[in-house]
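Trainee: Structure in structure tokens, see below.
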Amino acid sequence: GRVGLGRSARWIVVALGSLGVAGCAGMPAADPLQVTVAGVEPLEGEGLELRMVVRLRIQNPNDLQVDYDGTYVKLVVQDRTFATGVSDASGSVPRFGEAVIAVPVTVSMLNVMRQVIGAIDAGTAPPDKVRYSLDGKLHGSGFSSLRFKSQGELTLPRAPQAPVSTSP
């Protein structure tokens with residue numbers, strides 16, 4: 001007798017092979033996306049929350065266009081979650097190009113209070129620099145998502161000094 005794959009087994013092999021090819025097409029680009037905050041604008045808030053639109057500049061250093069259908073971001077300041085947001089906007093970031101994506105975020109007053117209490121508990125002078133990180137993802141087609149992370153320090157402006165007066 002001849003030994004071979006049954007009809008259903010062959011169908012499974014073909015289906016798995018197709019998924020493998022589709023999975024490769026949806027895989028993240030070789031180099032990570034570069035994401036920076038391009039701007040922040042206020043929005044009308046409700047109750048005890050502050051709303052803003054964060055504009056993200058997404059740079060794609062790869063030879064393939066990145067299509068997205070939804071965005072999520074989380075902003076962490078001084079190691080504490082400060083704001084989160086989502087957008088159902090869709091678009092694409094061209095190959096070796098960039099795009100600016102607007103994501104509305106919410107800052108709860110509880111998070112603001114945590115930041116203030118954390119600064120007071122430290123018992124030190126206000127910092128000259130603030131650590132931040134931005135985590136997020138661009139949702140792609142199917143089950144694919146491209147995650148990104150950006151971090152750094154912001155230098156805070158110094159409070160103006162009172163002029164020193166000299167007595168005659």
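Trainee: Enumerate the calculated ³J(HN,Hα) couplings along region 60-72 in order (Karplus 6.51 cos²θ - 1.76 cosθ + 1.60, θ = phi - 60°), each rounded to whole Hz, writing x wherever the residue is Gly or Pro.
Mentor: Working through the residues one at a time gives 10, x, 10, 7, 10, 5, 10, 9, 9, 9, x, 9, 10 Hz.
Trainee: Turning to a different aspect of this structure: For K137, go through the lysines and keep the ones whose alpha-carbon is under 20 Å away, minus same-chain ones fewer than eight residues off.
Mentor: K74, K149
Trainee: Largest first, how would M109, M52 line up by accessible area (1.4 Å probe)? Write down the numbers at each step before the final one.
Mentor: Numbers: M109 75, M52 35 Å².
The residues order as M109, M52, largest area first.
Trainee: If I ignore ligands, DNA and RNA and count only protein heavy atoms, how much of L43 is accessible to a 1.4 Å probe, in Å² to the nearest 10?
Mentor: For L43, solvent-accessible area is about 70 Å².
Trainee: Another question, then. What figure, in Å² to the nearest 10, do you get for the accessible area of R51 with a 1.4 Å probe and non-protein molecules left out?
Mentor: Ignoring ligands and nucleic acids, R51 comes out at about 60 Å².
Trainee: Can you work out ³J(HN,Hα) from phi for every residue in region 129-142, in order, using Karplus 6.51 cos²θ - 1.76 cosθ + 1.60 and θ = phi - 60°, giving whole Hz and x for Gly and Pro?
Mentor: Per residue, the Karplus-derived 3J(HN,Hα) values read 10, 10, 7, 9, 9, 10, 10, x, 8, 9, 7, x, 6, x Hz.
The values are calculated or read from the model by the stated rules, or taken from the named source; none is laboratory data. No experiment lies behind these values; they were computed from the predicted model shown. The protein model used for the area step is the full one, side chains on, heavy atoms only, and it has no ligands, DNA or RNA in it. Shrake-Rupley method; radii C 1.70, N 1.55, O 1.52, S 1.80 Å.
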